[in-house]
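Novice: Here it is: the structure, laid out below.
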Amino acid sequence: MKKRHAEIVGGGFAGLTAACALAQRGWTVRVHERADHLRTAGAGIYIYENGLRVLEAVGAYEAAVKGAPFAHTREVRDGRNRLISVHRWTGSRVFSIVRQNVINALAAAATRVGVELVTDSAATGATPDGELMLASGRSVGADLIVGADGSNSLLRDSLSLLSKRKYLVDGCTRLLIDKSAAERAPAGDAGAKTIEYWSGTRRVLYTPCSETDIYVALTMLDKDAAAKAVPVRKDVWKRAFPHLDALFDRVGDTGRYDRFELIKLKRWSAGRVAIIGDAAHALPPNIGQGGGCAMMNALSLAVYLERESDVGGALRAWEETERPMTDHTQRISYILGLPTTWPPILRAATLGVAGRSKWFTRQRTRTALHLPTGT
């Protein structure tokens, strides 16, 4: 029997996971990455139990988490360093990881199962009957086309699948800094502590994410030009968080600012084309599940295509079953971002109550504790 063939656009978390999962199930797969190498935006990432299970399923887990610390304790503090809430993960795994390490691990796993990775290859659109148009002017046919080309997806837009694209009021500058000698000391069984500091509408997220790196995320309103400037204006951030002066002194000239957004589609597929990752369901990072949802949906896509030979039918069944969890994740992540614009006293009180609420904790952790299809 002739092997089925997939063309995937985008060499990020979603595209590479889909490539691994499809190749494991007998597909021939080619991944198109528009850049000259496989790279990822952002600096660090949290990967919870759900995402870790996917990495295990596609053979990328060991390489992805090598050297990464457990991130089992998360504190929220105000601009004067007063504790607002504490959340401790128990009974499940969560790592803070350098994002590029995960991409490298997925790419290596894909290569081992025969995936063809092509860089400097951009796509401009696709047709429901399985034709992929490339920026070079060439077109290729496939049994399946996967659009994993990010929130500005040309494949998605060529098929008129976009239902809603909402730019949110805030955004984030992400960067890595070197650990100090004290930070390099072994953390022991306690793992790494993540701290989120609030000062007005500005936030600082401090996360150890490797043996040598600290992931720092600076979040602010999109209209806050001074705070979102890159290179980071250390004087601006020091005034908001004076107790973090030493941390900002270590910030270099690197970093990237991105505005948060929410994307919803009319459908996740059209004919033989499936849309995954941020192209299908971009969400703010307030519960750390953008990558997790992307990888879960990529793996489950391959599972449904293995179960049913009709591609269109498989894609419809895949969305019907898998989309509710992603919709829930988007909703909770959006709600958790709402306090950004609230008065500090109200925000601190709300975050404190939410941190102690068993019901809200269940909603916030539901995705992390979900058993992904195919694992």
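The values are calculated or read from the model by the stated rules, or taken from the named source; none is laboratory data. Everything numeric in this text was worked out from a predicted model, so none of it was measured. Backbone-built Cβ (ideal geometry, glycine too); neighbour counts: all protein chains shown. These area figures cover heavy atoms from the full protein model, side chains too; ligands, DNA and RNA do not enter into them. Shrake-Rupley method; radii C 1.70, N 1.55, O 1.52, S 1.80 Å.
Novice: Straight-line reach from Lys264: which lysines have Cα under 27 Å away, leaving out those fewer than 8 places along the same chain?
Specialist: Candidates past the 8-residue exclusion: Lys164, Lys166, Lys223, Lys228.
Novice: Still on this structure, please answer the following. Amide H neighbours of Thr124 under 5 Å, at least 5 residues apart or on other chains, H built in the peptide plane: list them.
Specialist: Residues meeting the amide H criterion: Met133, Leu134, Ala135.
Novice: Still on this structure: To the nearest 20 debye, what is the magnitude of the charge dipole of the range 51-99 about its Cα centre, counting +1 on the Cβ of each Lys and Arg and -1 on the Cβ of each Asp and Glu? Intermediate results must be reported in sequence, preceding the final value.
Specialist: Values: 9 positive and 4 negative charges, 45 e Å.
Dipole about the Cα centre, nearest 20: 220 debye.
Novice: Here is a follow-up. Measure out, as a whole number of angstrom, how far apart the alpha-carbon centroids of the range 153-208 and the range 34-58 sit.
Specialist: 14
Novice: Another question, if that's okay. Solvent-accessible area per residue for the chain at a 1.4 Å probe radius, Å²? Before the final figure, lay out the partial values.
Specialist: Details: 15900 Å² over 375 residues.
I get 42 Å² per residue for the chain.
Novice: Further question: Under the rule of at least 5 residues apart or a separate chain, name every residue whose amide H is placed under 5 Å from the amide H of Arg77.
Specialist: It is Ile84, Glu196, Tyr197, Trp198, by chain and number.
Novice: How large is Rg over Rh for the range 161-243, taking Rg from the Cα atoms and Rh as the Kirkwood inverse mean of 1/r across Cα pairs?
Specialist: Here the Rg-to-Rh quotient is 1.06.
Novice: Let me ask something additional. Express the Stokes-Einstein translational diffusion coefficient of the chain in µm² s⁻¹, to the nearest whole number, given a Kirkwood radius over alpha-carbon pairs, 4 °C and a viscosity of 1.567 mPa s. Let's see the in-between values first.
Specialist: On the way: Rh = 21.2 Å.
In µm²/s, the coefficient is 61.
Novice: Continuing with this model, one more query. List, largest first, the extents of the alpha carbons of the range 45-121 along their principal axes, each in whole Å.
Specialist: Computed over the Cα atoms, the extents are 51, 31, 18 Å.
Novice: From the helices alone, meaning DSSP H stretches of at least four residues, give me the mean residue ellipticity at 222 nm for the chain, per-run term -39500 (n - 2.57), in deg cm²/dmol to the nearest 500.
Specialist: -10500 deg cm²/dmol
Novice: Separate question: What does the charge dipole of the range 241-300 about its Cα centre add up to, to the nearest 20 debye, if the Cβ of each Lys and Arg holds +1 and the Cβ of each Asp and Glu holds -1?
Specialist: In debye, rounded to 20, the range 241-300 gives about 560.
Novice: Let me ask you something else. How large is ³J(HN,Hα), in whole Hz, for each residue of the range 336-353 in order, when computed from phi with the Karplus curve 6.51 cos²θ - 1.76 cosθ + 1.60 and θ = phi - 60°, using x for Gly and Pro?
Specialist: Calculated HN-Hα couplings, in order: 5, x, 4, x, 3, 9, 7, x, x, 5, 5, 4, 4, 5, 5, 5, x, 5 Hz.
Novice: When the chain is modelled as a GNM with alpha-carbon springs shorter than 10 Å, which of Lys179, Lys193, Lys358 fluctuates the most?
Specialist: The residue that fluctuates most here is Lys358.
Novice: Mind checking which lysines have their Cα closer than 26 Å to the Cα of Lys66? Skip sequence neighbours fewer than 8 apart in that chain.
Specialist: Within the straight-line cut-off, Lys66 pairs with Lys179, Lys193.
Novice: Carbon-plus-sulfur fraction of the accessible area of the chain, 1.4 Å probe, in percent? The partial results should precede the final answer.
Specialist: Values: 8130 of 15900 Å².
Carbon with sulfur: 51 percent of the solvent-accessible area.
Novice: A further question on this structure: Please list 37-46, 251-260, 11-20, 201-210 highest first by mean number of surrounding beta-carbon atoms within 10 Å per residue.
Specialist: Values: 37-46: 19.3, 251-260: 15.3, 11-20: 31.0, 201-210: 21.6.
In decreasing order of mean packing, 37-46, 251-260, 11-20, 201-210 become 11-20, 201-210, 37-46, 251-260.
Novice: What list of ³J(HN,Hα) couplings, whole Hz, do you get for the range 105-117 from phi and the Karplus terms 6.51, -1.76, 1.60, once you set θ to phi - 60° and write x for glycine and proline?
Specialist: Along the range 105-117, the couplings run 5, 5, 5, 5, 5, 5, 4, 5, 9, x, 6, 8, 9 Hz.
Novice: About the Cα centre of the chain, what is the dipole size in debye to 20, counting +1 per Lys and Arg Cβ and -1 per Asp and Glu Cβ, all else neutral?
Specialist: Values: 51 positive and 38 negative charges, 230 e Å.
Dipole magnitude for the chain comes out near 1100 debye.
Novice: Pop a pseudo-label 7 angstrom from the Cα along the beta-carbon direction at both Val230 and Arg112 and give the gap in nm to one decimal.
Specialist: 3.3
Novice: Now a separate question. Extending each Cα 7 Å along its Cβ direction at Val140 and Arg362, get the distance between those two points in nm, one decimal.
Specialist: So the label points at Val140 and Arg362 sit 4.7 nm apart.
Novice: Let me have the relative contact order for the chain, percent, based on Cα pairs under 8 Å that are six or more residues apart. Working shown, then result.
Specialist: Working: 826 pairs, mean separation 82.2, N = 375.
It comes to 22 percent, rounded to a whole number.
Novice: Short version: ³J(HN,Hα) in whole Hz for each residue of the range 237-245, in order, from phi by Karplus 6.51 cos²θ - 1.76 cosθ + 1.60 (θ = phi - 60°), x for Gly and Pro, what are they?
Specialist: With coefficients 6.51, -1.76 and 1.60, one gets 6, 5, 5, 6, 9, x, 6, 9, 3 Hz.
Novice: Moving on to the next point. If the chain between His243 and Glu56 were fully stretched, how many nm would it gain, using 0.36 nm times the residue separation less the Cα-Cα distance? Display every interim value, and only then the final one.
Specialist: Values: separation 187, 0.36 × 187 = 67.32 nm, distance 4.00 nm.
Length gained between His243 and Glu56: 63.3 nm.
Novice: Using per-residue counts of other Cβ atoms within 10 Å, averaged over each peptide, order 150-161, 268-279 from highest down. Please report the intermediate quantities before stating the final value.
Specialist: Working: 150-161: 19.2, 268-279: 26.7.
Ranked by mean Cβ neighbours within 10 Å, highest first: 268-279, 150-161.
Novice: Quick one: check the C-alpha center-to-center distance for the range 60-130 versus the range 214-280, whole angstrom.
Specialist: Each part's Cα centre sits 16 Å from the other's.
Novice: Here is a follow-up. Considering all alpha-carbon pairs of the range 282-375, what whole percent are spaced by more than 21 angstrom?
Specialist: Numbers: 1872 of 4371 pairs.
The calculated P(r) of the range 282-375 puts 43 percent of pairs beyond 21 Å.
Novice: Once you have all Cα-Cα distances for the range 193-344, histogram them in 10 Å bins from zero and send the whole-percent values.
Specialist: Whole-percent P(r) values from 0 Å outward: 9, 32, 27, 18, 11, 3, 0.
Novice: Which percentage, to the nearest 5, of the DSSP beta bridges contained in the chain is antiparallel? Each step should come with its number before you reach the end.
Specialist: On the way: 49 of 69 bridges.
DSSP beta bridges in the chain are roughly 70 percent antiparallel.
Novice: Put +1 on the Cβ of every Lys and Arg and -1 on every Asp and Glu Cβ in the range 64-184; which of Leu161, Asn104, Ala126 then has its Cα farthest towards the positive end of the dipole?
Specialist: In the range 64-184, that residue is Asn104.
Novice: If amide H atoms are built 1.01 Å from N in the plane of the peptide, which residues on other chains or at least 5 residues away come under 5 Å of the amide H of Gly150?
Specialist: Residues meeting the criterion, in which the H sits 1.01 Å from N, are Asp278, Ala279.
Novice: Kindly rank 23-30, 345-352 from highest to lowest mean number of other beta carbons found within 10 Å of each residue.
Specialist: Working: 23-30: 19.4, 345-352: 14.9.
Ranked by mean Cβ neighbours within 10 Å, highest first: 23-30, 345-352.
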